[in-house]
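Data first, discussion second: the structure below is written as structure tokens.
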């Protein structure tokens, strides 16, 4: 039984050259592509890209519509809150009106005691 022998630089370079030649020979022997097949593949790729672009556009439009609907809902909610707050606020009385209201309450209380 022979022992393991490390390959020398020349052995490795020769193996690399042989592998390179084998790969080049394999490429040379490869038949040329049929133009009809190439055109068919290009057409299929173009159709696939067009369908993908259409899907992207539809999704983008859907997202935009959802965003606009959300913004509209927020605006309506803000308007509703503003209207509710305006309705809930008591009107500010002038000093004379506040004094007249106090006097009327005082007079009503005095009238009840009698």
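The values are calculated or read from the model by the stated rules, or taken from the named source; none is laboratory data. Please read all numbers here as calculations on a predicted model, not as lab measurements. Here Cβ is always computed from backbone atoms with ideal geometry, including for glycine, and neighbour counts include all displayed protein chains.
You will find that of 68, 62, 85, 79, the residue that is in a helix (DSSP H, G or I), surrounded by fewer than 10 Cβ atoms within 10 Å (Cβ to Cβ), within 36 Å of the chain's Cα centre (by Cα) and without any contact (Cβ under 8 Å) to a residue 24 or more places away in the chain is 85 and no other. Of the listed requirements (1) part of a helix (DSSP H, G or I); (2) surrounded by 10 or more Cβ atoms within 10 Å (Cβ to Cβ), residue 7 misses just one: (1). Listed by first and then second residue, the pairs linking a residue in segment 88-99 that is without any contact (Cβ under 8 Å) to a residue 60 or more places away in the chain to a residue that is surrounded by 10 or more Cβ atoms within 10 Å (Cβ to Cβ) and assigned to a helix (DSSP H, G or I), with Cβ atoms under 8 Å apart and 6 or more places separating them unless they lie on different chains, are 93/101.
Under 46 Å from the mean Cα position of the chain (by Cα), modelled with pLDDT under 95 and assigned to a helix (DSSP H, G or I): is that true of residue 27 in this structure?
Working: under 46 Å from the mean Cα position of the chain (by Cα): yes; modelled with pLDDT under 95: yes; assigned to a helix (DSSP H, G or I): yes.
When the stated conditions are applied, residue 27 passes them.
Quick check, is residue 93 part of a loop (DSSP other than H, G, I, E, B) and surrounded by 10 or more Cβ atoms within 10 Å (Cβ to Cβ)? Yes; evaluated as a whole, the condition is true for this residue.
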